[in-house]
Amino acid sequence: MAEDILQIETLGETRRITLNRPDRLNAINQPLAEALLAAFEGLRRDRSARVVVLRGAGRAFSAGADLKAMGQPDALRDGPDGDWVLRDLGKAMRACPQPIICLVKGAAAGGGLAMALSSDIIVAGESAVFHSAFIKIGLSGAELGVGWRLQRTIGVSRAREALFTGDPIDAAEAWRTGLVSKVVPDEALDDHGMALAEKLLKAAPDALRVTKRSLDAALEAPGVDTAMEVEERGQMLMIRQGRGR
């Protein structure tokens, strides 16, 4: 079951992960959530993988939680008792040492938006639409770290408007506000993602891991001096490795 709804391909040093519920716009049910969590937790210690490409099959990245599955055995069980799988998935994606390239076409809504924001680079197809959706189904507009990440990505005012209203952000605005690094035609999205992965793989073996850790630490640092200390230590490690070759 998990193999059907989540496809993982080994393409050299790249792992391509595909959400494979196209008939449901890759909406997230419990089996898919658990498969994603297992995949990203497994990548943390996988030294053979250096870059991850994350995408959705069909015409959407992910429509978020599968609300139509409610009441069924495979319904997403994240709810009032806490201990959410999707929360743990976001943490696992950030702990994953490989850069994650997220390819978005169609909807990236709710939990789908949270996954995109937990990635390192987002590339959008022209059909991409990003929206939190939470507030439109009677929930808080801020969930799964979306409030933290979106405000830091597109600015406080625009992020709060999006989260208070649940209104979508299309591909053109996503590019203008820095939410995505590039917008390409939908039919070119996969090729662009793989070409970008190949470009990243030109870095030294541990350079991507060290850079990702340094960038994440810089976002949490109280000031530039702390960020520079972290970056210096990462660079010292890379210099020593270079001398050892």
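Using heavy atoms of the protein chains and a probe of 1.4 Å, the accessible area assigned to residue 199 is about 130 Å². Dipole size of segment 140-245 about its Cα centre, with +1 on Lys/Arg Cβ and -1 on Asp/Glu Cβ: approximately 600 debye, rounded to the nearest 20. Checking the cross-link pairs 91/212; 91/136; 182/202; 68/136; 136/182 against a 23 Å limit on the alpha carbon distance flags 91/136; 136/182 as lying beyond it. Is segment 165-245 best put as rounded, prolate or oblate by its Cα gyration tensor, with a ≥ b ≥ c the root eigenvalues, rounded for a/c under 1.5, and otherwise prolate when a/b is larger than b/c, oblate when not? Verdict is oblate for segment 165-245.
Placing +1 on the Cβ of each Lys and Arg and -1 on the Cβ of each Asp and Glu in segment 1-104, which of 95, 85, 72 has its Cα farthest towards the positive end of the resulting dipole? Sorting the options by dipole projection puts first 95. Of the whole protein surface, residue 126 contributes about 120 Å² of accessible area at a 1.4 Å probe radius. Charged neighbours of residue 199, selected by a Cβ distance under 14 Å, balance to -1 (K, R count +1; D, E count -1). Taking a point 7 Å from the Cα of residue 23 along the Cα-to-Cβ direction, none of the residues of segment 102-117 has its backbone N closer than 12 Å to it. On segment 157-239, 58 percent of the accessible area sits on carbon and sulfur atoms, based on a 1.4 Å probe. Counting 0.36 nm for each residue step from residue 47 to residue 239 and taking away their Cα separation leaves a gain of 67.1 nm.
In this structure residue 140 has an accessible area near 70 Å², from a 1.4 Å probe over the protein heavy atoms. Express in whole angstrom the spacing between the alpha-carbon centres of segment 176-199 and segment 13-87. So the two Cα centres are separated by 21 Å.
Each of 161, 9, 173 has its accessible area taken with a 1.4 Å probe; listed largest first, they run 161, 9, 173. Think of a 1.4 Å ball rolled over the protein heavy atoms: segment 1-146 then has 42 Å² of accessible area per residue.
If you roll a 1.4 angstrom probe over the protein chains with everything in place, what fraction of the accessible area of segment 1-96 belongs to carbon and sulfur, to the nearest %?
Working: 2360 of 4770 Å².
Within segment 1-96, the accessible surface is 49 percent carbon and sulfur.
Annotation: extensible slack from residue 160 through residue 38 equals 40.7 nm (criterion: 0.36 nm per residue apart, minus Cα-Cα distance). Across the chain, the relative contact order, built from alpha-carbon pairs under 8 Å that are at least six residues apart, equals 16 percent. The magnitude of the dipole of segment 58-123, with charges of +1 and -1 set on the Cβ of Lys/Arg and Asp/Glu and taken from the Cα centre, is near 260 debye. When segment 149-215 is described by a simple charge dipole with +1 on each Lys and Arg Cβ and -1 on each Asp and Glu Cβ, the residue from 172, 196, 153 located farthest towards its positive end is 153.
The values are calculated or read from the model by the stated rules, or taken from the named source; none is laboratory data. What you see is a predicted model, and the numbers here were worked out from it, not measured in a lab. Cβ: placed from backbone, ideal geometry, glycine included. Neighbour counts: every protein chain shown. Areas reflect the complete protein model, heavy atoms only, side chains present, ligands, DNA and RNA absent. Shrake-Rupley method; radii C 1.70, N 1.55, O 1.52, S 1.80 Å.
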